[in-house]
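Below: the structure, in structure tokens.
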């Protein structure tokens, strides 16, 4: 007797996208559409692909931001450099830099 197959949701690894590759493809699609040389039906298909890629990229960025928030204890804060030589003095007045 055949059991009905249960649909399983892919795990995070299966859903992961190559953000750089997707952004490069999205840029290519935008260039093609802006050129105005594609026939209408191809333009619509490329536009639909671009919308899907854009949504996937937005989702990936949102997921990354959530992971960072979890790692940072639920709050995002400015990055502080560990290099004291590269740190700026918050008390320093930028106008004082020109004074002898």
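Observations on the model:
- Here the gap between residue 52 and residue 38, fully extended at 0.36 nm per residue and compared with their Cα-Cα distance, gives a gain of 3.1 nm.
- Cα gyration tensor shape for segment 17-72, rounded if a/c is under 1.5, else prolate or oblate: prolate
- Highest mean packing first, where packing is the average number of other Cβ atoms within 10 Å per residue, the peptides 44-54, 59-69 line up as 44-54, 59-69.
- Computed E for residue 31/residue 62 - FRET, C-beta separation, R0 25 angstrom, nearest 0.05: 0.45
Since every read-out is calculated from the coordinates, none of them should be taken as a lab result. Predicted, not measured: the structure shown is a model, and the values here were computed from it. Cβ sites come from the backbone with ideal geometry, for glycine too, and all protein chains shown count toward neighbours.
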